[in-house]
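Notes follow the structure.
All of the numbers you see were taken from the coordinates with simple rules; none came from a lab. On a predicted model such as this, the values are computed, not experimentally measured, just so you know. Methodologically, a virtual Cβ is constructed for each residue, glycine included, from the backbone with ideal geometry; neighbour enumeration extends over all protein chains shown.
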Amino acid sequence: MLINLLKLGKLILAIFLPIASILLDFTPVKTLGQSYYPSSSVANNSKQQVNENTPPTSDPRRAGGGENTPPPPGQGRPGGGLSGSESCRKTDKPLTALVPLNIQQRLTTSEHPTFWFYIPFTPDEIQSIEFSLHDRDENTIYRTSFVPSKTPGIIGVRLPSVPKYALQQGKYYHWYLIVKCKSDSNSNPGLSVNEWVQRVALPNTSTNQINPDIWYDSLTQLAELRRNNPEDKEIQRQWINLLQSAKLENIAEEPIVEIIQLQENQ
């Protein structure tokens, strides 16, 4: 009887030892698999923490991203809580920057482009208008103040034609326009609009052809044509179509009253 039990024991060991060996071999693989996923989780949490510490791209002064990453859109009309007697008077049409709806169109081929704005106030109401240009890191390249002479209406603001203010090809620049009215208190920051511009190479098309994808050049070309040919229906049609593409049709009929050539800072 004892001999039979020993034989049975050997038989059981012969059957289960290989199975036990397989299970033991599998266990480390399972452990490695379990240790991998927590590592991924830690990595994801780390990325999330970095993202939480990164300034939001909705803040136009904090563009983020690499040198070739397009910055976030700016603000074509004033925001915030400016109201009452301490700010510029209320108007049916607000201060508006003539900027594209598609951020990929914020382009120019010019070293010294012209920027366009609808100003709803008369010169007598305006204390000053400040225009400034900054690089991607918000270092100031140019800043000046002026008072328009022929508003309300659409004005062009042209960078000084000197090398130190020339836009470099491929780089993004951030511009701001701030209107301070005479009715503003000293602590009031004024009405502000801002947007980006990138200088690109001249496309292989006729210089006389309107290309909405190169927004600043097309807008300037049509604005100058419209200003010099106010009765030309075809120019007027192209002007309206371009502004409609940026949802600016409410100011498409406003007159182009002035182009301001900014001067070099001394």
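The table below lists the values:
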item: Within-13-Å neighbourhood charge of K171 [Cβ basis; K, R +1; D, E -1]; result: -1
item: Size-normalised alpha-carbon gyration radius of the stretch 84-261, reference 2.2 N^0.38 Å; result: 1.03
item: Sequence ranges 184-191, 129-136, ranked by mean other-Cβ count within 10 angstrom, highest first; result: 129-136, 184-191
item: Ordering of 215-225, 233-243, 95-105 by packing [mean C-beta count within 10 Å, highest first]; result: 215-225, 95-105, 233-243
item: Zone residues, the stretch 97-112, relative to Q169, backbone N less than 19 Å from point 7 Å out along Cα-to-Cβ; result: 106-112
item: Contour minus Cα-Cα distance for S161 and R89 (0.36 nm per residue); result: 22.5 nm
